[in-house]
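A.B. asks: There's a structure below that I have some questions on.
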There are 2 protein chains.
Amino acid sequence: MNLPAYRQIKDFIQRHISAGHWREGDRVPSEHALTREFGVSRMTVNRALRELTAEHVLTRVKGAGTYVARPRYESTLVEIKSIAAEIAGRGHEHASDVLALDRCQVHPALAVELGLRRGAQAFHSLLLHREKGMPIQVEDRWVNPAIAPEYDLQDFRRITPNEYLMRVAPLQKVEYRIEAQVPNAITRRRLAMAAGEPCLLLHRRTWSQGRVASVVDLWHPGQRYQFTGHF
Amino acid sequence: MNLPAYRQIKDFIQRHISAGHWREGDRVPSEHALTREFGVSRMTVNRALRELTAEHVLTRVKGAGTYVARPRYESTLVEIKSIAAEIAGRGHEHASDVLALDRCQVHPALAVELGLRRGAQAFHSLLLHREKGMPIQVEDRWVNPAIAPEYDLQDFRRITPNEYLMRVAPLQKVEYRIEAQVPNAITRRRLAMAAGEPCLLLHRRTWSQGRVASVVDLWHPGQRYQFTGHF
DNA sequence: GGAAGAAACTTGTATATACAAGTCCGTTTG
DNA sequence: CAAACGGACTTGTATATACAAGTTTCTTCC
């Protein structure tokens with residue numbers, strides 16, 4: 001199968017870098033030089049170089065040239081999917097127990113985090129997610145009623161809070177934190193964890209329409225759950 | 001400051017989506033329509049739409065049109081920097097104690113993971129990273145000697161293993177796993193951790209030049225360390 | 001030998017035009 | 001009514017050309 005020219009140019013450059021011919025900081029051939037070498041237009045070469053720049057393979061300095069970027073060796077990008085998507089991706093059965101779903105007053109620290117005034121109310125949902133019957137995640141979530149006023153009318157056994165929020169509140173910004181923590185006794189029991197076993201906790205705060213939409217703690221049993229991936 | 005035309009088109013589309021005017025699955029105006037609306041060439045419009053597609057904001061179907069992409073609400077992308085880069089980014093002082101650096105025989109399970117034959121030898125380094133004197137990470141690393149034959153001749157008090165491997169072994173592939181684990185007593189003491197406190201563990205395996213280059217376990221005290229970020 | 005200026009080289013953005021290839025819709029035919 | 005075909009519309013890739021703006025190199029002058 002014949003690749004488009006701009007893809008061939010990208011591959012050519014990436015092969016040189018992977019083979020160690022060009023190292024970090026080395027200058028790659030100019031657009032003009034690549035134009036001559038590949039017999040294509042400058043716009044075709046430019047597209048290849050711009051895409052490799054967006055992918056952090058190259059870096060460009062106007063007037064000076066195009067260089068091999070500092071490899072992002074020290075940065076690992078980890079993608080964490082929603083628990084339902086992850087379980088479905090394994091071909092397993094996902095189910096949710098709705099332990100709580102109501103609207104109540106938030107304590108001051110949480111009001112700050114949700115961007116609400118003291119004494120304000122928010123929706124609170126507490127779910128236990130299972131994979132093939134086995135508890136795998138406790139989802140402890142608070143939702144800004146201004147963003148999703150009908151949150152508490154949903155059936156979260158049939159649709160996850162994530163899926164619902166995706167529909168009503170386009171995502172603008174995310175803040176996250178991953179921690180190893182010792183869970184309280186209730187969470188330990190809900191997740192069927194052993195004594196002394198820690199939790200893997202993902203804390204997320206999301207924004208939509210210029211405001212905080214949701215704050216969530218996702219607790220996972222440390223022995224049975226890890227975030228994994230590759231790229 | 002006047003933005004280039006392709007950036008204005010990107011912003012226009014992103015504003016419509018953020019405001020909720022266009023939802024997931026909605027079709028956005030065609031290239032031809034945007035050409036007329038903005039009074040620019042089709043290639044300029046095409047660039048804007050292609051870049052938004054690469055950024056997962058839009059999705060394109062040849063012949064059919066351009067649509068608002070399913071929001072990646074359920075996927076959190078987490079970037080984990082090297083400990084030295086992270087500490088430097090906080091403006092703090094990084095230091096490493098080299099606890100071990102030698103070449104020895106790997107046990108069978110590790111040989112499999114390193115892609116080496118049974119009984120083969122590999123380099124092993126054990127470092128304690130400190131931030132302003134405080135232990136923050138134990139780095140337990142095995143390195144394939146075929147990839148970095150002079151690994152054991154380096155001074156890892158002055159350069160981190162990461163930085164060294166960046167130079168000699170261009171990165172091709174990464175596999176990772178994040179876990180909450182209970183550390184053994186030695187690691188607990190090295191990291192000055194409390195009894196019962198768990199570790200946040202990042203396990204990475206990297207490839208270079210078509211082979212496994214390195215396998216590393218990075219242990220962090222759960223109470224003092226989290227992976228954090230935003231986007 | 002150093003400074004200043006000009007020339008050359010480089011990337012950034014843009015255009016009108018063209019052909020390829022895919023999808024969708026409306027019309028015609030059986 | 002269904003299938004097939006053609007036209008219109010859409011994205012995918014590409015070109016030669018142009019001007020703007022930044023960097024580097026070379027030449028000239030003091």
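Rule-based calculations on the coordinates, nothing more; no lab input. From a predicted model like this one, the values you see are computed outputs, not experimental measurements. With ideal geometry, Cβ positions are generated from the backbone for all residues, glycine too; neighbour counts draw on all protein chains shown.
A.B. asks: Can you list, shortest first in nanometers, how far A:Gln105 lies from the same residue in the other copies, with each label 7 Å from Cα toward Cβ?
C.D. replies: 7.0
A.B. asks: Test of understanding: what is the full-extension gain from A:Gln172 to A:Ala64, defined as 0.36 nm times their sequence separation minus their Cα-Cα distance? Please report the intermediate quantities before stating the final value.
C.D. replies: On the way: separation 108, 0.36 × 108 = 38.88 nm, distance 3.54 nm.
Contour length minus the Cα-Cα distance gives 35.3 nm.
A.B. asks: Here is a follow-up. List the distances, in nm to one decimal, from the label point of B:Gly91 to the label points of the same position in every other copy, shortest first, placing each label point 7 Å from Cα along the Cα-to-Cβ direction.
C.D. replies: Those separations, rounded to one decimal, come out as 5.4 nm.
A.B. asks: Give me, ordered by chain and number, the residues 5 or more places off B:Ala120 or on other chains with an amide H under 5 Å from its own placed amide H.
C.D. replies: For B:Ala120, whose amide H was placed from the backbone, the distant partners under 5 Å are B:Val106.
A.B. asks: Now, a different point. Provide the net charge surrounding B:Pro145, with neighbours chosen by a C-beta distance below 14 Å and charges set as Lys +1, Arg +1, Asp -1, Glu -1.
C.D. replies: +1
A.B. asks: List the relative contact order of chain A as a percent without decimals, with contacts defined as Cα pairs under 8 Å and 6+ residues apart. Before the final figure, lay out the partial values.
C.D. replies: Values: 359 pairs, mean separation 33.9, N = 231.
Normalised by residue count, the contact order of chain A is 15 percent.
A.B. asks: If you add up the charges near B:Gly222, with Lys and Arg at +1 and Asp and Glu at -1, over every other residue whose beta carbon is less than 10 angstrom from its beta carbon, what do you get? Numbers along the way, then the final one.
C.D. replies: Details: positive: B:Arg224; negative: A:Glu179, B:Glu197.
Neighbourhood net charge equals -1.
A.B. asks: Can I ask one more? Size of the dipole of chain B about the Cα centre, Lys and Arg at +1 and Asp and Glu at -1 on the beta carbon, nothing else charged, in debye to 20? Walk me through the numbers on the way to the answer.
C.D. replies: Numbers: 33 positive and 25 negative charges, 121 e Å.
Using only the charged Cβ atoms, the result is roughly 580 debye.
A.B. asks: If we hang a label 7 Å off Cα along the beta carbon direction at A:Asp152, how far is it from the matching labels on the other copies, in nm, shortest first?
C.D. replies: 6.7
A.B. asks: Among the lysines, which have Cα under 28 Å from the Cα of A:Lys10 when same-chain residues fewer than 8 positions away are ignored?
C.D. replies: Qualifying lysines at Cα under 28 Å: A:Lys62, B:Lys10, B:Lys62, B:Lys81, B:Lys173.
A.B. asks: Something else: Can you give the net charge of the other residues whose Cβ lies under 10 Å from the Cβ of A:Leu99, counting K and R as +1 and D and E as -1? Numbers along the way, then the final one.
C.D. replies: Working: positive: A:Arg190; negative: A:Asp97, A:Glu139, A:Asp140.
Net local charge, A:Leu99 excluded: -2.
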